[in-house]
Amino acid sequence: MAALHTVDGVEGGSGEIGLILSNSPTGDTKRPQFGTRFLTDPRQVFQHNAWDNVEWTDEQEEAAKKKVLENSQPLPPEKQEEYDSRANEYWNDFYTIHENRFFKDRHWLFTEFPELAPQCSLNHESHPGVSGTDDSQQNGLDQKQCRDFDNCDFPGSSATYRILEVGCGVGNTVFPILKTNNDPGLFVYCCDFSSTAVELVKANPEYNSDRCFAFVHDLSDVEANFPIPDGSLDVIVLIFVLSALQPNKMQESISRLARLLKPGGMMLLRDYGRYDMAQLRFKKGRCLSENFYVRGDGTRVYFFTQDELHELFSKAGLEKVQNLVDRRLQVNRGKQLTMYRVWIQCKYRKAS
């Protein structure tokens, strides 16, 4: 499934200005990142491409709710079934048409998710089940760790730090990780619903089968097997992918992923928030169910609240580390247009 869609105009968090994440009802506090640009004078709005931590007025919030309500009449069941049964076809067509031309570098990736950056000693000390450099390690293979699994022939079985990205698209998270993180014990798995996307990942000259394994996987099919055993992953990454699932399949999908994590392992998510510009742009006849829509090319998208995501992760047995909303005002200075973006970022940990 796609990590980003062209209809939304710009990738969540891809700007070089950085992120300011606002206070949330879940108790998280604001924390500055590498861009702290605040709009204090509305007359200056077109002086920069984006503004951080833009809080909405009550009037804006009410207008957004009204807009969503106006366009919330769901399509007939037979049309919804068609979009569900042909989902694979729509995503394959999407990647066939666009390949990787529409993606931007994710400048924010390692700032927001330092768990993906090189920090070998920290990782190996802080993640249960990962050994350091004792005598049982031979050529990167931790023999004790291997004995914990029934099958030591799975890809990356000799790794000491394992990351999985679900919904990898054409690799715009995977390849920055491989390029930036030179930990010799690192192994990265990546999967996508679209076989076309996975083929593009494997065809990339930066794809290295010694450090990475790409495979086709349907996240919504909880009976489908992963090529890695339960309890083997340090980090699972979900970037603009959970929103592509049918809402009634999200809980089982997250719970299945949680079983892949080691004790102390982390699940990282960034996805669309409620009343994001992309949601407000949908016209009548595009709604599948409440806050769930189909785009013109047949791909689908859901818009979350923090509480919804917290419930999904908590029911999967994960503990909250972070659950924040990022509100940004992005500006098209050429066309004198303003675009209000809303994204949610989460980190949830499996108990040790």
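Bear in mind these aren't lab numbers, they're just calculated from the coordinates by the rules spelled out. Please read all numbers here as calculations on a predicted model, not as lab measurements. Neighbour counts run over all protein chains shown; Cβ positions are idealised from the backbone, glycine included.
Quick look at the numbers
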item	result
Total formal charge among the other residues, if their Cβ is under 13 angstrom from that of residue 284, Lys/Arg +1 and Asp/Glu -1	+3
Among 179-186, 265-272, the order from most to least packed when residues are scored by Cβ within 10 Å on average	265-272, 179-186
Distance from segment 309-327 to segment 148-208 (C-alpha centre basis), Å	24
Neighbour-count ranking [beta-carbon atoms within 10 angstrom, fewest first] of 161, 293	161, 293
Sequence of 212, 190 once ranked by neighbouring C-beta atoms within 10 Å, starting from the fewest	212, 190
Cα extents of segment 236-315 along the three principal axes, largest first (Å)	45, 20, 18
